[in-house]
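K.L.:
This is the structure I want to talk about, given as structure tokens.
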Amino acid sequence: MADLTGGRLVARTLKQAGVGHVFTLCGGHILPIYDGCVSEGLQVVDMRHEQACAHAGDAYARLTRNIGVAVVTAGPGVTDAVTGVANAYSARSPLLLIGGAAPLGLRGLGALQETEQVALLRPITKGSWTVAETRQIPEVLTTAIRAALTGRPGPVFVEIPVDLLMTVIEDRLAPIPTRYVHRSAALADPDDVVRLAHLVSRAERPVVLAGSGVYWDAAAKPLASFADASGLPVFMNGAGRGALPPGHSCAFAHARGWALAGADLVLVLGAPLDFRLGYGRPPTFAEDARVVMVDCDPAELGRNRPLELGLHGHIGRVLDQLVEILPAGLPARFEEWRRRVGQKERESRGKLEAESASDAVPISHYRWAREIAAAVTPETIVVGDGGDVVGCASKFVPVSATGQWLDPGPFGCLGVGPSFAIAAKLLHPDRRVLLIAGDGA
């Protein structure tokens, strides 16, 4: 038996969850957590703003497919982190934000930096909790971690009053739960998979959209197997970029608008039908296109557009199921469709290349993007921080594998770059990290 502070219980729980770094800005309400991190061997990374802490934890989560942790002080520390949490929520990133709080006995009396934090964070997290007793710290933290990682990933918030962090308790009274996260790779209904195989085999102009869900489900290899077996053109967005390498015969990028508008079947893998995809509606999607979605979150199925078929399951496992029953000869059947998509791809790429070769002053944004892309190797982690600047860069920067490209995500929060780059370098000190940052959008 050993006596532990609440702060050390926090650190020990995080360590058991596989966390190696916590991102923070020093504050009095959370000092005991720092002591605990030192004792447990967790690296404390002191940032310069709480929003930066949240962004760094977000990137850490994306790069590890595990929780990333930001620890911030009470009141303005928590409110400063809100934008970073909202960005993680839109990007489906399992950030754990731990916030300090006024002592329990002083609540409601006007204590230093006292404000309602749990309710504030609830709309932009998968769950928001406060801890009532020191012995509950491991239980509440592991509950939050399980919520962040289960199903569709997302951020969570845990508030811990400072007096609980300072309280000393015997470790036997606050056991740390084990085996509390079960990320099951669920199969889809076999009958639905058969229906999907029939839709694919009977289509004339099918297209695949591979989104961030492909990354979170670690489904790059199953996607490649499906592309090889079916011959369908594949377009990637979000964290799904790099799921197929640039040289793959089914990987396309610049012909997406043309292909979607003409497709009679669109298979959407882990990508929400949001503004990036025209909400799945005309003119981005053809009016009569049959749309099929596969997602770990059933709430996404049918959002913004009626579906021909919606499959709830692990994207990799569902693609494995599909490959097993696809008829032979599909790549040859769709060869002419791929040729047409490839022709449009080359035309669109040619226009970009022509503009990128311009010597005009001021420099063309595409010329700038081409020069940046020339410095990117398969080992380079690229962080895009901006709006239009990132859009231009993404047209040229080659992405060889998932996790090589990081950008704000659909929330479009500018300023993530330095924090994302710091987290990437901490996790991959031997790899080069390139930050592309724009001025405004």
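Laboratory data are not the source of any read-out in this text; all were calculated from the coordinates shown. This one's a predicted model, so the numbers in the text were calculated from it and none came from an experiment. In this analysis, Cβ positions are derived from the backbone assuming ideal geometry, glycine residues included, and neighbour counts consider all displayed protein chains.
K.L.:
Starting from the Cα gyration tensor of the chain, take the square roots of the eigenvalues, sort them a ≥ b ≥ c, and report rounded, prolate or oblate (rounded when a/c is under 1.5, otherwise prolate if a/b is larger than b/c, else oblate).
P.N.:
prolate
K.L.:
Here is a follow-up. Determine the shape class of region 214-305: with a ≥ b ≥ c the square roots of the Cα gyration tensor eigenvalues, call it rounded for a/c under 1.5, and otherwise prolate if a/b is greater than b/c, oblate otherwise.
P.N.:
It is oblate, given that a/c is not under 1.5 and a/b is not larger than b/c.
K.L.:
Another question, then. Remind me, what semi-axes does region 3-173 give for its equivalent ellipsoid, largest first in whole Å, using sqrt of 5 times each Cα gyration tensor eigenvalue?
P.N.:
21, 18, 15
K.L.:
Same structure again: Please list 181-192, 150-161 highest first by mean number of surrounding beta-carbon atoms within 10 Å per residue.
P.N.:
150-161, 181-192
K.L.:
Which angle from 0 to 90°, rounded to the nearest 10, does the C-alpha axis of helix 50-64 make with the longest principal axis of the chain?
P.N.:
On a 0 to 90 degree scale, this one is about 60.
K.L.:
Where nothing but the Cβ of Lys and Arg (+1) and of Asp and Glu (-1) is charged, how large is the charge dipole of the chain around its Cα centre, in debye to the nearest 20?
P.N.:
For the chain, the charge dipole is close to 780 debye.
K.L.:
If packing is taken as the average count of other Cβ atoms within 10 Å, what order do 283-292, 109-118 fall into, highest mean first?
P.N.:
283-292, 109-118
K.L.:
Something else about it: So how far apart, in nm, are the two label points at S184 and E355 if each is 7 Å from Cα heading toward Cβ?
P.N.:
Here the modelled spin labels are 4.9 nm apart.
K.L.:
Can you compute the FRET efficiency between A218 and L109 using 1/(1 + (r/R0)^6), with r the Cβ-Cβ distance and R0 = 41 Å? Round to the nearest 0.05.
P.N.:
Result of the calculation: an efficiency of 0.25.
K.L.:
What is the local net charge at T150, summed over the other residues whose Cβ is closer than 15 Å to its Cβ (Lys, Arg +1; Asp, Glu -1)?
P.N.:
That sum, taken over residues with Cβ under 15 Å, equals +4.
K.L.:
Starting from the 7 Å offset along Cα-to-Cβ, what nm value, one decimal, do you get for the label separation of E133 and E347?
P.N.:
About 7.1 nm separates the two model spin labels.
K.L.:
Which order do peptides 398-408, 322-332, 295-305 fall in by mean Cβ count within 10 Å, highest first?
P.N.:
Highest-to-lowest ranking by the protection proxy: 398-408, 295-305, 322-332.
K.L.:
Shifting gears a bit: What is the local net charge at A81, summed over the other residues whose Cβ is closer than 11 Å to its Cβ (Lys, Arg +1; Asp, Glu -1)?
P.N.:
Within the 11 Å Cβ shell, the charges total -3.
K.L.:
Further question on the same structure: Per residue Cα convex hull volume for region 133-207, in cubic angstrom?
P.N.:
For region 133-207, the hull spanned by Cα atoms encloses 112 Å³ per residue.
K.L.:
If you place +1 on the Cβ of every Lys and Arg and -1 on the Cβ of every Asp and Glu, how big does the dipole about the Cα centre of region 3-173 come out, in debye to the nearest 20?
P.N.:
720
K.L.:
Under the classification rounded if a/c is under 1.5, otherwise prolate if a/b is larger than b/c and oblate if not, where does region 23-71 fall, given a ≥ b ≥ c as square roots of the Cα gyration tensor eigenvalues?
P.N.:
oblate
K.L.:
With unit charges on the beta carbon (Lys/Arg positive, Asp/Glu negative), name the residue among G7, A56, I315 whose Cα is farthest towards the positive pole of the charge dipole of the chain.
P.N.:
I315
K.L.:
While we're looking at this one, here's another question. Give the Kirkwood hydrodynamic radius (Å, one decimal) of region 306-403, defined as one over the mean of 1/r across all pairs of different Cα atoms.
P.N.:
For region 306-403, the Kirkwood estimate is 17.2 Å.
K.L.:
In the neighborhood of A61, defined by Cβ-to-Cβ distances under 13 Å, what is the net charge if each Lys or Arg adds +1 and each Asp or Glu adds -1?
P.N.:
For residues surrounding A61, the net value is +3.
K.L.:
Please give the length that would be gained between A375 and F275 if that part of the chain were fully extended, namely 0.36 nm times their separation in residues minus their C-alpha to C-alpha distance (nm, one decimal).
P.N.:
32.9 nm
K.L.:
What is the total of Lys pairs in the chain with C-alpha atoms under 25 Å apart, excluding same-chain pairs fewer than 8 positions apart?
P.N.:
Total qualifying Lys-Lys pairs in the chain comes to 6.
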